[in-house]
1. What's the total number of residues in the stretch 136-174 that are over 21 Å from the mean Cα position of the chain (by Cα) and assigned to a helix (DSSP H, G or I)?
2. It is to be established whether one or more residues within the stretch 282-302 are of a type in the set (S, T, N, Q) and under 18 Å from TRP193 (Cβ atoms).
3. Pull out all pairs, ordered by first then second residue, where Cβ-Cβ is under 6 Å, the residues are six or more apart or on different chains, the first lies in the stretch 349-374 and is farther than 22 Å from ARG329 by Cα, and the second is surrounded by fewer than 19 Cβ atoms within 10 Å (Cβ to Cβ).
4. I'd like to check something: does the stretch 46-59 contain any residue that is under 23 Å from TRP164 (Cα atoms) and of a type in the set (S, T, N, Q)?
5. Go over the candidates SER226, SER251 one by one and state the one that is on the phi < 0 side of the Ramachandran plot and within 16 Å of the chain's Cα centre (by Cα).
6. Which ones in the stretch 191-246 are surrounded by fewer than 20 Cβ atoms within 10 Å (Cβ to Cβ), in contact with a Pro (Cβ under 6 Å, 6 or more places away or on another chain) and part of a strand (DSSP E or B)?
Amino acid sequence: MGRIALLGCGFVADLYLRSLRAMSGIEVAAVYDRDAARLDRFCAHWGLPKAGSLTGFLETLPEGTLVLNLTNPSAHYELNRACLDAGHHVYSEKPLAMEIDDAKALHTLARDKGLMLASAPCSVLGEAAQTLGHALRHDIAGTPRVIYAELDDGFVPQAAYRKWLSETGAPWPYDDEFRVGCTLEHAGYYLGWLIAWFGTVRTVVAASAETVPDKTGAGPMAPDLSVATLFFETGPVARLTCSIVAPHDHSIRIVGDKGVLSCDAAWDNAAKVRFAKRMTLRRRLMEHPFPRRVKLSGPPHPKVKRWGAAAMNFMLGPAEMLDALSTKRPSRLSADFALHMTEVTLAIQNAGESTGAQAMTTCCDPMEPMPWAR
């Protein structure tokens, strides 16, 4: 039986608990949130044990517990460090930290203590990402040359976000979301896939900007648009766009020598993966107008029904770490993976108008595929 503990029970915590219901062999040891009323409501709804203080939470967790840090991003570094100092493995919501030096300090601390440290999102372990990885390894599209990835969420500043509530009534933290920014919140959904397939990003050339001023909440606000070109050590070049301004588009296209692999929904583990073969018709070069679907032969992971904008199993990451602990193997969601994804994300977020090319200082090997995706 794997054991987790939840630190923070705001909006995203309900998504983890909905996902936990689809999994087996994982129990919740304790939950803590500094908002006592919120903690009571959450634990009563899900039938979970609660801790009365952060100190009590950290001191009473059994050895081998994996702490899920689901707090606001500004608290991630401090609380991730506290959990590691207390001897607990950590799975942190994104980002690992708001500053790269802090993220590197966490990486060093986890290594020195022999603890696991990972960062969301875990959709890289989902069926759609693993299917695309399978297609790349089996040369379906030929050598990948260019990748276009979009994470545009529509004109969110005009959305009815004050009415967005989680299953237990926690409001979507719009004030914090606007201050943290869509790049830190969302880039990992495709960046994690790309790093898993291709490994280290050598250079980031990016720009970011706040295009819609006067958002709700206390400033300063983060960029609401970023566009990055990523140069991978293994060869491919990717363009990644994040915004809460442009019309909704969560598509990815991988252009290879033989044609184009594509997927239309980053936040749906079961999204269809398609391949359009390149062809010449009457002297015209084109991709096949009716792409074929790429499928895996074996059964994948447990699925979670759509709730709100996502159809993702948020527990895939913690489950992977717990399995790695029980089988004494390295986790696919390694500290190196978390740190590199954090550095690249921060480079994009903080690029502004004139930063130019940025050489990355961290590295990461491509990820071992899931057994059912080989």
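The values are calculated or read from the model by the stated rules, or taken from the named source; none is laboratory data. Note that the structure is predicted; figures quoted are calculated from it, not measured. Backbone-built Cβ (ideal geometry, glycine too); neighbour counts: all protein chains shown.
1. Total satisfying the criteria: 6.
2. No, there is no match, as no residue in the stretch 282-302 is of a type in the set (S, T, N, Q) and under 18 Å from TRP193 (Cβ atoms).
3. That search, which allows pairs on different chains as well, returns ALA351/ALA207; ALA357/THR203; ALA357/VAL205; ALA359/THR203.
4. No, every residue in the stretch 46-59 fails to be under 23 Å from TRP164 (Cα atoms) and of a type in the set (S, T, N, Q).
5. Just a single option satisfies the conditions, and that option is SER251.
6. ALA209
Let's see how each residue does on (1) assigned by TED's automatic domain parsing to the domain that holds TRP197; (2) assigned to a helix (DSSP H, G or I); (3) among the hydroxyl-bearing types (Ser, Thr, Tyr); (4) under 17 Å from HIS340 (Cα atoms):
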site: ARG34; (1), (2), (3), (4): no, no, no, no
site: ALA37; (1), (2), (3), (4): no, yes, no, no
site: HIS45; (1), (2), (3), (4): no, yes, no, no
site: THR55; (1), (2), (3), (4): no, yes, yes, no
site: GLU63; (1), (2), (3), (4): no, no, no, no
site: SER74; (1), (2), (3), (4): no, yes, yes, no
site: GLY87; (1), (2), (3), (4): no, no, no, no
site: HIS107; (1), (2), (3), (4): no, yes, no, yes
site: GLY133; (1), (2), (3), (4): yes, yes, no, no
